[in-house]
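Undergrad: Mind looking over this structure? Questions follow.
The values are calculated or read from the model by the stated rules, or taken from the named source; none is laboratory data. None of these values were measured; they are calculated from a predicted model. Every residue, glycine as well, gets a Cβ built from its backbone with ideal geometry; the counts of neighbours run over all protein chains shown.
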There are 2 protein chains.
Amino acid sequence: MIRIILVDDHAVVRNGYRRLLDAEPGLQVVGEAGSADEANSLILHTEADVALVDLSLRGSSGIEAIRGMLLRQPKLKILVLSMHDGASHITQALRSGALGYLTKYCEPADVIDGIRRIACGKRVFSPEIAQVLAEEAIDGDGALAHLTPREFEVLRMLAHGESAIRIASSMHVSPKTVLNYLSLIRQKLDADSDFKLLHLAARHGLVDIHHALGA
Amino acid sequence: MIRIILVDDHAVVRNGYRRLLDAEPGLQVVGEAGSADEANSLILHTEADVALVDLSLRGSSGIEAIRGMLLRQPKLKILVLSMHDGASHITQALRSGALGYLTKYCEPADVIDGIRRIACGKRVFSPEIAQVLAEEAIDGDGALAHLTPREFEVLRMLAHGESAIRIASSMHVSPKTVLNYLSLIRQKLDADSDFKLLHLAARHGLVDIHHALGA
DNA sequence: GAAAATCCGGGAAAAACTCCCGGTTTGCCG
DNA sequence: CGGCAAACCGGGAGTTTTTCCCGGATTTTC
């Protein structure tokens, strides 16, 4: 019997999964959490084999939930179920210890199959996710990798809408230095437009698009 | 008895709502659709009072589903249930004929209550949504409103990452003209940074953030 | 320790942007 | 029909930003 806990901030979605999974022989939902905090406390007094977690929790991120749960229960197998197929979400989740990643568009049967395979320690990915991972691999770590820490910092602040001058004073350096960094960044990232810069920053999780751009 | 149809591309979510609503006295789910096309054909051979629709359908948009269904069944009351609280989504949905708009973060009880009120012809909004609508109202139609069609076009292309020169050739005008437009746009929108420009463009639906930025 | 990379900023040329201008076209209203 | 306002289009000059080059100080790496 595979014991499952659900981490998702939509009660209705949790209900749907509970109903789906409990109906399946060999699977049993033993707990639900609506936030990272709830997940962390749940894991302490529940014996679970697999956690199904949604990345976009309210308040805290699903990433936190993953880290917290693994800290308390290292043998837990984590399968991410997310709406998002952006590179940053995927790599962050995997680096945090998730074993698999499915988009919410996959069929219920795929989820069930995925859970069974995750429980055996296998990795599970939706086709779209595998695609994104492949592209990332080809990119060779992603373009942002060759940025120096300082350059990275500048880019992050820029993506948050700060002006060069504000960045400079915040970093306690001359505005000229920041401008020089920006020049280098544009060059390294092959970004001819500010849009492209923002694009790359967003893809790599430097800025929370949904919050920052309000979409 | 209020007859309800569910439009959402996640089978599990539909299941969750069906379970939730059928358990409620006076409510009954009479059909489900996973896409705008399915919704349109479903509405033809089903008598429904209320449609619960998710905006982010795969392929087609939920907006299309709303328009299609209202075309075939003008008396249908539509309640949008969406993850997104961006101004563009909300106004588009309402302009397309939706009567209410709830975020998926609200409680199941709120959804049930919302359905009952929508069925009576009342409008229903989550607090966050009401907030956004209020801000829009204060903005006075949104800053983008004073842009001329041509300026709007330039902004849209810019938001898609095109350079000024490419925009110019695409519009069959001189690059200088495009630069002048850009100048005006920045002025009208009070945007001191390109980031702010993108921010505004995104909020008003000129660019699909999730797709364009791959997040 | 030496070598390499990073951090930091100056200066000058090049590119981009702003602001102002005038001409043309379009649509509206007295 | 004759203004008239708004939008469309682009030139020119001045200002600002960006780029590209430089060299020295500091840190990391082998």
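Undergrad: Would you point out the residue of the stretch A:165-181, among those that are closer than 21 Å to residue B:196 by Cα and surrounded by fewer than 18 Cβ atoms within 10 Å (Cβ to Cβ), that is nearest to DNA strand D (Cβ to nearest atom)?
TA: Filtering first and then ranking leaves A:179.
Undergrad: Among the residues of the stretch A:80-90, is there at least one that is among the β-branched types (Val, Ile, Thr) and within 14 Å of another protein chain (Cβ to nearest Cβ)?
TA: yes
Undergrad: With the requirement that a residue be surrounded by fewer than 19 Cβ atoms within 10 Å (Cβ to Cβ) and either in a loop (DSSP other than H, G, I, E, B) or of a type in the set (Gly, Ala, Ser) (or both), what does the stretch A:36-71 give you?
TA: Matches in the stretch A:36-71: A:41, A:45, A:46, A:47, A:56, A:58, A:59, A:60, A:61, A:68.
Undergrad: Look through B:3, B:19 and report the one residue that is free of Cβ contacts under 8 Å to residues at least 60 places away in the same chain and either crowded, with 21+ Cβ neighbours inside 10 Å or over 29 Å from residue A:82 (Cα atoms) (or both). Before the answer, list the steps.
TA: Numbers: B:19 fails: either crowded, with 21+ Cβ neighbours inside 10 Å or over 29 Å from residue A:82 (Cα atoms) (or both).
Checking each option against the conditions leaves just B:3.
Undergrad: Would the stretch A:15-24 turn up any residue that is among the charged types (D, E, K, R) and facing chain B (nearest Cβ under 10 Å)?
TA: Taking the stretch A:15-24 first, the residues among the charged types (D, E, K, R) are A:18-19, A:22, A:24.
From what's left, facing chain B (nearest Cβ under 10 Å): A:18-19.
Within the stretch A:15-24, one or more residues are among the charged types (D, E, K, R) and facing chain B (nearest Cβ under 10 Å).
Undergrad: Filter the stretch B:22-35 down to the residues that are surrounded by fewer than 18 Cβ atoms within 10 Å (Cβ to Cβ) and touching a residue at least 60 places away in the same chain (Cβ under 8 Å) and list them by number.
TA: B:24, B:26, listed by residue number.
Undergrad: Okay, next question. Do we find a residue being more than 11 Å from chain B (Cβ to nearest Cβ) and without any contact (Cβ under 8 Å) to a residue 24 or more places away in the chain anywhere in the stretch A:48-68?
TA: Checked against the condition, which is being more than 11 Å from chain B (Cβ to nearest Cβ) and without any contact (Cβ under 8 Å) to a residue 24 or more places away in the chain, the stretch A:48-68 yields no hits at all.
Undergrad: Tell me which residues, restricted to the stretch B:144-164, are within 14 Å of residue B:197 (Cβ to Cβ), within 12 Å of DNA strand D (Cβ to nearest atom) and away from every other protein chain (no Cβ under 12 Å).
TA: B:147, B:151, B:152, B:154
Undergrad: Does residue A:189 satisfy the criteria of being hydrophobic (A, V, I, L, M, F, W, C), near DNA strand C (Cβ under 9 Å from one of its atoms) and not assigned by TED's automatic domain parsing to the domain that holds residue A:88? Walk me through how you get there before you give the answer.
TA: Values: hydrophobic (A, V, I, L, M, F, W, C): yes; near DNA strand C (Cβ under 9 Å from one of its atoms): no; not assigned by TED's automatic domain parsing to the domain that holds residue A:88: yes.
So residue A:189 fails the test.
Undergrad: Which of (1) farther than 22 Å from residue B:14 by Cα; (2) touching a residue at least 40 places away in the same chain (Cβ under 8 Å) does residue A:74 not meet, given it meets every other one?
TA: The single condition residue A:74 does not satisfy is (2).
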